Amino acid sequence: LIVYYQVKRSRRQPGATTAMSSAEAFFGLKVPEGQDRRELYKSQYRAIYTYKMSAQELDSAFRDVLGSDWTIKNDERVKYVGKLEVESENQTLKVTMEDYPEAGMSALKYYTIQQYTK
């Protein structure tokens with residue numbers, strides 16, 4: 001993950017900008033802007049973003065985007081790293097935060113909760 005990000009980042013042209021909207025969201029849950037945000041992967045079931053900031057800074061940015069529409073339901077994190085669930089009035093999502101202090105980076109992952117039927 002880190003090696004891929006660093007290689008991709010080094011190939012960027014000086015002055016190049018990334019087209020990321022400040023209103024980007026995953027199932028209605030906004031994605032924090034943060035410092036040097038990159039969308040690493042996105043599907044209909046999950047999204048992965050990397051940031052050039054600590055997990056503590058990412059937690060603060062994440063709490064800002066929760067607003068009054070989303071609440072933290074179940075927080076299993078230790079020192080800002082780990083899993084939590086957030087819910088709005090009709091949606092529950094899983095969120096994972098990871099910290100890579102040696103690279104000065106962190107990652108934010110959003111997941112839908114799968115409903116399996118037989």
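Read-outs: derived from the displayed coordinates by stated rules, not from any lab. Keep in mind that this is a model prediction, so the values were computed, not measured. Reconstructed Cβ throughout: ideal geometry from the backbone, glycine too, with neighbour counts over all protein chains shown.
Applying a DSSP loop filter and a limit of 12 other Cβ atoms within 10 Å to the GluC sites (Glu not before Pro) in the stretch 16-100 leaves 76, 89. Only Lys, Arg, Asp and Glu carry charge here, each on its Cβ (+1 for the first two, -1 for the last two); on that basis the stretch 42-118 has a dipole of about 340 debye about its Cα centre. Inter-label distance, residue 56 to residue 87: 3.1 nm, where each label sits 7 Å from its Cα along the C-beta direction. Taking 0.36 nm per residue of separation and subtracting the Cα-Cα distance, full extension of the segment from residue 74 to residue 102 would add 7.3 nm.
Taking amide H as placed 1.01 Å from N in the peptide plane, the amide H of residue 34 sits under 5 Å from none that are at least 5 places away or on another chain.
Evaluated at q = 0.19, 0.28 Å⁻¹, a Debye calculation over the C-alpha positions of the stretch 51-118 (equal weights, vacuum) places log10 I(q)/I(0) at -0.74, -1.29. Close amide-amide hydrogen proximity is noted between residue 91 and no other residue 5 or more places distant or on a separate chain, at a cut-off under 5 Å (H modeled in the peptide plane; Pro and chain starts excluded). Amide H contacts under 5 Å for residue 40: 48, 49, 50, restricted to partners 5 or more places along the chain or on a different chain, H placed in the peptide plane at 1.01 Å from N.
In order along the stretch 32-39, phi translates into HN-Hα couplings of x, 5, x, 8, 6, 5, 10, 8 Hz, rounded to whole numbers, per the Karplus curve 6.51 cos²θ - 1.76 cosθ + 1.60 with θ = phi - 60° and x for Gly and Pro.
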